[in-house]
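Notes follow once the structure below has been shown.
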């Protein structure tokens, strides 16, 4: 018996020594006054010391990085203080491909994509939190007008070897490139370290407009479906970024709520449901085709268009939840139209959109206006 105890002790001692030798390449990261333990190898971060955040019912607005860095920020913060708004979505990498704040990333610095518009990102986020604002960092992923110039080997090309451009004249990178994935993961991690509460991804798809038949993909094998490429990216991004202690969200075409195919861009509602906390369908009525739900001009019928889409999407996610009851499923939180296209979007029209959200049972809403001018009359004033 004594020999058995000695043997067991020696085995345990060897295990401890093995762990100390091979599992001690770890370091502490300080994040908002809390500590994370990051282990080299698999990109794992323990969250034992991170205070668990609860989902928030967002009522938000979008800000460009320019707006977030000038006097317009104060105007919009005042709007938030006076109304029901509680969330701001801020560009940290938009369609230009430029990162809007100073990072400590060797990868980002090597690419040279920083264009520092927001001089002190942590001070900005601290200010937002002091004002009770939930801060979301927005990243445009595969539409990128900078990276192709620095890394043409990752860029979509035309058949004659030039950089391919969409109808807006913007360049794209290959959605199947893990280097592109890692680059955007790095930007997301920098945003998380800066203090953002959530990372929001846009342009997470294959191109939808322009001469798409003329695209030459440098990395995509043309055999893996576009849907599977995008699903793999969703999974990869979730595995790498969620452990940072932030929520993550995905902007999808509004039609993903009702279509039964990936529209040749790779977006599939059910695929996003298992990897993100929020799915943000862009249910802008002006972006729906003539004849949708029987309407000649869908933009003139915001309630009907949005309610129909959201109820269909929520029902689909309920089916996902039922099929995998042990896994969390994303909540739907749509982007709403607050700009004139197809119809004049005044307070009445925006309120009809909001009513559709509430009636359908979606989890909050975000207003989109590219000029960051919002219809105050559509917002409930705080007492």
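Bear in mind these aren't lab numbers, they're just calculated from the coordinates by the rules spelled out. Because the structure is predicted, anything quoted here is derived from the model rather than measured. Every residue, glycine as well, gets a Cβ built from its backbone with ideal geometry; the counts of neighbours run over all protein chains shown.
For a label point 7 angstrom out from the Cα of residue 222 toward its Cβ, which stretches of the range 232-275 have the backbone nitrogen within less than 19 Å?
Once the point is set 7 Å along Cα→Cβ of residue 222, 264-266 turn out to lie under 19 Å by backbone N, inside the range 232-275.
For the range 64-214, what is Rg from Cα atoms divided by 2.2 N^0.38 Å, rounded to two decimals?
Details: Rg = 16.6 Å, N = 151, 2.2 N^0.38 = 14.8 Å.
In units of the 2.2 N^0.38 Å rule of thumb, it is 1.12.
Take the alpha-carbon centre of the range 326-354, take the same for the range 113-141, and report the distance between them in whole Å.
Taking the Cα centre of the range 113-141 as reference, the centre of the range 326-354 is 23 Å away.
What span do the alpha-carbon atoms of the range 234-368 cover on each of the three principal axes, reported in whole Å from largest to smallest?
Ordered largest first, the range 234-368 gives principal extents of 43, 29, 26 Å.
Tilt of helix 2-22 relative to the longest C-alpha principal axis of the chain, in degrees (0 to 90, nearest 10)?
The answer is roughly 50 degrees.
Just rank 88, 282, fewest to most, by other beta-carbon atoms within 10 angstrom. Could you put the intermediate results ahead of the total?
Numbers: 88 25, 282 18.
By the 10 Å Cβ count, ascending: 282, 88.
By the gyration tensor of its Cα atoms, with a ≥ b ≥ c the square roots of the eigenvalues, what is the shape of the range 323-383: rounded for a/c under 1.5, prolate for a/b over b/c, or oblate? Before the final figure, lay out the partial values.
On the way: a/c = 2.44, a/b = 2.01, b/c = 1.22.
Prolate shape, in that a/c is at least 1.5 and a/b is the bigger ratio.
Please give the peptides 203-212, 241-250 ranked by average Cβ packing (other Cβ atoms within 10 Å per residue), highest first, as a rough proxy for protection. Can you show the working numbers first?
Numbers: 203-212: 18.3, 241-250: 22.6.
Per-residue mean Cβ counts within 10 Å order the peptides as 241-250, 203-212.
Using the alpha-carbon atoms, what tilt in degrees (0 to 90, nearest 10) does helix 121-130 show relative to the longest principal axis of the chain?
70
Relative contact order (percent) for the range 55-378, with alpha-carbon contacts under 8 angstrom and 6 or more residues of separation? Numbers along the way, then the final one.
Working: 635 pairs, mean separation 49.1, N = 324.
It rounds to 15 percent for the range 55-378.
Take the alpha carbon gyration tensor of the range 140-284, find the square roots of its eigenvalues, order them as a ≥ b ≥ c, and report rounded if a/c is under 1.5; if not, report prolate when a/b exceeds b/c, else oblate.
Details: a/c = 1.81, a/b = 1.29, b/c = 1.40.
In terms of gyration-tensor shape, oblate.
Using Cβ contacts closer than 10 Å as the measure, can you line up 141, 99 from fewest to most?
Ordered by Cβ neighbours within 10 Å, fewest first: 141, 99.
Would you mind ranking 326, 197 so that the residue whose beta carbon has the fewest other beta carbons within 10 Å leads the list? Present the calculation step by step, with values, prior to reporting the outcome.
Details: 326 4, 197 21.
Sorted ascending by nearby Cβ count, the order is 326, 197.
With angles folded into 0 to 90 degrees, how steeply does helix 178-194 sit against the dominant principal axis of the chain? Use alpha carbons for both and round to 10.
Orientation of helix 178-194: about 90 degrees from the principal axis.
May I ask you to derive the FRET efficiency for residue 326 and residue 86 from their Cβ-Cβ distance with R0 = 25 Å, giving the value to the nearest 0.05? Intermediate values should be presented prior to the final figure.
On the way: r = 31 Å, r/R0 = 1.25.
Efficiency, rounded to the nearest 0.05: 0.20.
Run the simple label-point estimate for residue 358 and residue 319 please: 7 Å along Cα→C-beta, distance reported in nm.
3.0
Springs between alpha-carbon atoms under 10 Å, Gaussian network over the chain: tell me which of 293, 157, 331 tops the mean-square fluctuations.
Fluctuation is largest for 293.
Full extension from residue 209 to residue 153: what is 0.36 nm times the residue separation minus their Cα-Cα distance, to one decimal in nm? Present the calculation step by step, with values, prior to reporting the outcome.
On the way: separation 56, 0.36 × 56 = 20.16 nm, distance 2.17 nm.
Extending this stretch completely gives an extra 18.0 nm.
Going by the alpha-carbon gyration tensor, a ≥ b ≥ c the square roots of its eigenvalues, is the chain rounded (a/c under 1.5) or, if a/c is not under 1.5, prolate (a/b greater than b/c) versus oblate? Don't skip to the end; give the middle numbers.
Values: a/c = 1.61, a/b = 1.43, b/c = 1.12.
Note, shape of the chain comes out prolate.
Give the percent of DSSP beta bridges with both residues in the range 55-378 that are antiparallel, rounded to the nearest 5. Each step should come with its number before you reach the end.
Numbers: 6 of 41 bridges.
Approximately 15 percent, going by the DSSP bridge assignments.
How do the peptides 213-221, 271-279 rank, highest first, by the average count of neighbouring beta carbon atoms within 10 Å per residue? Can you show the working numbers first?
Numbers: 213-221: 14.0, 271-279: 23.2.
Most protected by this proxy first, the peptides run 271-279, 213-221.
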